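The values are calculated or read from the model by the stated rules, or taken from the named source; none is laboratory data. Computed from a predicted model, the values in this text were never measured in an experiment. Cβ: placed from backbone, ideal geometry, glycine included. Neighbour counts: every protein chain shown. Heads up: the accessible areas ignore ligands, DNA and RNA and are worked out on the full protein's heavy atoms, side chains in. Shrake-Rupley method; radii C 1.70, N 1.55, O 1.52, S 1.80 Å.
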Amino acid sequence: MNLIQVDSVQRWMEDLKLMTDCECMCVLQSKPISIEKDEQNELLLSSQYSTCDNLQLLLKRAWIISTELTRIAQKLEKNRWQRVHSMTVRVNCHVRSMINEYNTFTMNSSEEMHQFEKLLIDKCSEFTAFTERCIQTEDEQTLKSMKSCINETLTTVAQYFGQLIELVLAHEAQNLLRQIELSDSVYITESAISSLFSLTQEGAHLCRIIAKEGGVVTLFKICRQDCFRCLYPQTLRTLASICCVEEGMHQLEKVDGILCLADILTDNTHSEATHAEAAAVIAQITSPHLTFTQHLSSFLENMEEIVTALVKLCQEASSGEVFLLASAALANITFFDTMACEILLQLNAMKILLAACSDKHIVDTPYSRDQVVTILANMSVLDQCASEIIQGNGVQLLMEMLFERSSSGNSAEVAACERVQQKSAVTLARLSRDPEVADAAVKLSCIPRLIKLCRSPTERNNSDSVLVACLAALRRLAVISPDGLEDSDFQQLVKPRLVDSFLLCTNMEESFV
């Protein structure tokens, strides 16, 4: 489960509060503990909060129990019986606290949930009794025979705990979806969708639960009602999160979600924010990293409309974020189907994208440039693309992208910069089959830059994929302009087999002279 990213000391303080409450509950035999009103920075174990807050508290408690069970298994392996027992007592208390807290705010909990609660509490008590007997004996043979029983009990506790959490989360997802379906109030619907979105941020498992409970169907119903237009951006953002899992994608296909997204994108009466979030859903469901997009047959039927709307959104984007979402959707679509590249060419998308790159307020991050160069690389397989590149000063842009470096040092940004360098080199290699493009690249001193990227690991951030792309581009340009290379560069980077040049460059030590 993804936890909120906070300062490590604050994280420790919050965990300590839970542990402290847990020990107090043991001593006071589960009597309630009063909470000071001025404890603003601590995690308050109270039921007087919204559904979203209560669910976050439940997830936090569940994460702690899961972590403790893992640690018990580790201590058990090392025969540290005293630690095993103290941790078992703590887990027992956490489980009881979690069940009590949940029952204070839940509605209409099922009989099956109550049965699992009882099974889990009974098994935790049995677990504690087992470990208590272990610390009261010193006979190695007895401890060895009890160890297998404890392992079995630990496994059973973990299974019951997992099943109970699954039931609880499914129940809460059902409650939220029921609120969305039955309410005519924008305020109530907005609150429920907000809680649902928070749940999706806890990981793929929760997205699967929401999808199985009909979350995609319910949210698309909202997107088809004019009275909830103001909630479209928030609803679409939640849909994009759910559709990261296969169950969400199947649900989207069943309710003609693609057609609904196409209608939203092509409806000029919707706000830019709505169009941007619809583009985000398209980007998600067409992601090349997903292995379950093949069943999106309806996407092909609406692809031309969607691509046209996305190009328009790129052209009219008022911010870098909107451009990023629209261009990411376009980039993914070019992987999804080759026909998309031909549509983009007909729509003068190359000219629009190259013009956007000159506006630093719109294409303002390596992530945006990554999307643009991805589209250029995929379009560069078309012969007609070369003239578009020349007319739009695209070779100059590709040259600039070979110098892409991270300003923050953030790992995600560094990876994006590597992708920009790699794809710009790939695009140059593909386009340089056209003599006019190759000549322009030579005149812009692309060859010295490619050599530098090959020979200097720090220039390419030690990336092997950038190295391979640069070697390929360099070899293509060397055919056009062999005079642009020194003999040593030719002998090491062009003449040998690609794999030999690659091995030479990866083993090359930089000279600091």
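Among the residues of the stretch 71-105, the ones that are surrounded by fewer than 19 Cβ atoms within 10 Å (Cβ to Cβ) and within 31 Å of the chain's Cα centre (by Cα) come to 5 in all. Only residues that are open to solvent by 40 Å² or more (accessible area, probe 1.4 Å) and under 21 Å from the mean Cα position of the chain (by Cα): list them for the stretch 252-278, please. Ala273 - this is the single residue of the stretch 252-278 that is open to solvent by 40 Å² or more (accessible area, probe 1.4 Å) and under 21 Å from the mean Cα position of the chain (by Cα).
If we scan the stretch 174-182, do we find a residue that is open to solvent by 50 Å² or more (accessible area, probe 1.4 Å), among the charged types (D, E, K, R) and under 33 Å from the mean Cα position of the chain (by Cα)? Yes, that holds for at least one residue.
For every residue, the table says whether it meets (1) in contact with a strand residue (DSSP E or B) (Cβ under 6 Å, 6 or more places away or on another chain); (2) farther than 21 Å from Ile121 by Cα; (3) at pLDDT below 90.
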| residue | (1), (2), (3) |
| --- | --- |
| Cys134 | no, no, yes |
| Tyr160 | no, no, no |
| Glu181 | no, yes, no |
| Tyr187 | no, yes, no |
| Ala192 | no, yes, no |
| His205 | no, yes, no |
| Ala211 | no, yes, no |
| Gly215 | no, yes, no |
| Gln225 | no, yes, no |
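Please tell me if Ala340 is crowded, with 20+ Cβ neighbours inside 10 Å and either touching a residue at least 40 places away in the same chain (Cβ under 8 Å) or outside any loop (DSSP other than H, G, I, E, B) (or both). Criteria met by Ala340.
Would you confirm whether or not the stretch 478-486 contains a residue that is over 30 Å from Glu388 (Cα atoms), exposed (fewer than 15 other Cβ atoms within 10 Å of the Cβ) and modelled with pLDDT under 90? Checked against the condition, which is being over 30 Å from Glu388 (Cα atoms), exposed (fewer than 15 other Cβ atoms within 10 Å of the Cβ) and modelled with pLDDT under 90, the stretch 478-486 yields at least one hit.
For the condition under 26 Å from Gln179 (Cα atoms) and either open to solvent by less than 30 Å² (accessible area, probe 1.4 Å) or among the aliphatic types (A, V, I, L, M) (or both), what is the one hit in Glu68, Glu111, Glu117? Steps first, answer last, please.
On the way: Glu68 fails: under 26 Å from Gln179 (Cα atoms); Glu111 fails: either open to solvent by less than 30 Å² (accessible area, probe 1.4 Å) or among the aliphatic types (A, V, I, L, M) (or both).
Being under 26 Å from Gln179 (Cα atoms) and either open to solvent by less than 30 Å² (accessible area, probe 1.4 Å) or among the aliphatic types (A, V, I, L, M) (or both) holds for just one of Glu68, Glu111, Glu117, which is Glu117.
Yes or no: the stretch 192-208 includes at least one residue that is closer than 18 Å to Ala273 by Cβ and more than 26 Å from the chain's Cα centre (by Cα). There is no residue in the stretch 192-208 that is closer than 18 Å to Ala273 by Cβ and more than 26 Å from the chain's Cα centre (by Cα).
Condition check for Cys314 on (1) closer than 14 Å to Ser368 by Cα; (2) open to solvent by less than 10 Å² (accessible area, probe 1.4 Å); (3) within 20 Å of the chain's Cα centre (by Cα): one failure, at (3). Scanning the stretch 236-246 for residues that are surrounded by fewer than 24 Cβ atoms within 10 Å (Cβ to Cβ) and more than 12 Å from Ile285 (Cα to Cα) turns up just one, Arg237. Among the residues making up the stretch 227-273, those that are part of a helix (DSSP H, G or I), under 26 Å from Glu304 (Cβ atoms) and acidic (Asp, Glu) are Glu253, Asp263, Glu272.
Among Thr334, Thr365, which is the only one that is touching a residue at least 24 places away in the same chain (Cβ under 8 Å), of a type in the set (Ser, Thr, Tyr) and within 18 Å of Ala416 (Cα to Cα)?
Of the residues listed, the single one that is touching a residue at least 24 places away in the same chain (Cβ under 8 Å), of a type in the set (Ser, Thr, Tyr) and within 18 Å of Ala416 (Cα to Cα) is Thr365.
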